[in-house]
Each structure stands twice: as C-alpha cells, then as structure tokens.
Amino acid sequence: MERQDRAESSLPHERRRVTRIPAATIGAVLVEMEATASATVAAVHDISVQGIGLVPEQDVPLGSPILIRPMKGPGRVRADVRHVRILHDGQFLFGCEFKHTLTMEDVLAFG
C-alpha cells in the first residue's frame, strides 16, 4: 500500500489514552525496522509515555515493529507503527505505540 493510500485510510479522530506533547526540543531518532534490519532517521513530532509521532526520511511500513533509538544517547524503545497521516506541509506523520510505557530513564534518553 502506498503512503498516500495509507494516509487517506487513517482514522482522523483522537484515540489516544494519554495526550502527547509537542517534541520541538527532542532531536532526531534512528528508526530501525525489525523485519528488514533497515533504518532511517526521523524527526520526533510529539511524544507521550505510551506513544510517539515520527516524521521519517524514508517510508516505514504500517503495522511494522520498530526500534526507536535516540541519536544522542544509549538505549532503544520498541514500538509498532499504528497509523499514518499527511501533515499540512505534505510530510507523513507516523503514529507509533510503544510496546511498554516509558520509564523515566527512557524519557531522559529522548531529551
């Protein structure tokens, strides 16, 4: 399925259990696709203890399990890509759900 098709099929209403906050102070992260062992850099759009919004440089398949690694620090967090939508500037925003609730150590690693 193409990015545009997936973006148009995403549900527009809010379904999050925890509100995400804008992540303007968080640097880029490395997103590793577990199935293919490929990776891409992504900007962090928003984040909560349960999920993260990413704007990757390359396509990330919907439904894929991924590893998110802060560029500035150690550690990594597992997540699943749950949805995709188009932002006002034409970039694609991928909504990801963490496999576990972030700990304080995880949060500090992201900046």
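Kindly state which strands (runs of 3 or more DSSP E) lie completely within segment 39-85 and contain at least 3 residues that are more than 16 Å from Lys99 (Cβ to Cβ).
Correct list: 39-47, 51-56.
Are there any pairs, at least 6 apart or on different chains, whose C-beta atoms fall under 7 Å, with the first in segment 77-102 and hydroxyl-bearing (Ser, Thr, Tyr) and the second assigned to a loop (DSSP other than H, G, I, E, B), and if so, which?
Correct list of pairs: Thr101/Val49; Thr101/Gln50.
So which residues in segment 56-83 are over 22 Å from Leu108 (Cβ atoms), β-branched (Val, Ile, Thr) and at pLDDT 95 or above, if there are any at all?
Val81
Condition check: more than 18 Å from Ile26 (Cβ to Cβ) and either outside any strand (DSSP E or B) or at pLDDT 90 or above (or both). Does Leu93 satisfy that?
no
The values are calculated or read from the model by the stated rules, or taken from the named source; none is laboratory data. Quick caveat, the model's predicted, so the values are computed rather than measured. Positions of Cβ are generated from backbone atoms using ideal geometry, with glycine treated the same way; all protein chains shown enter the neighbour counts.
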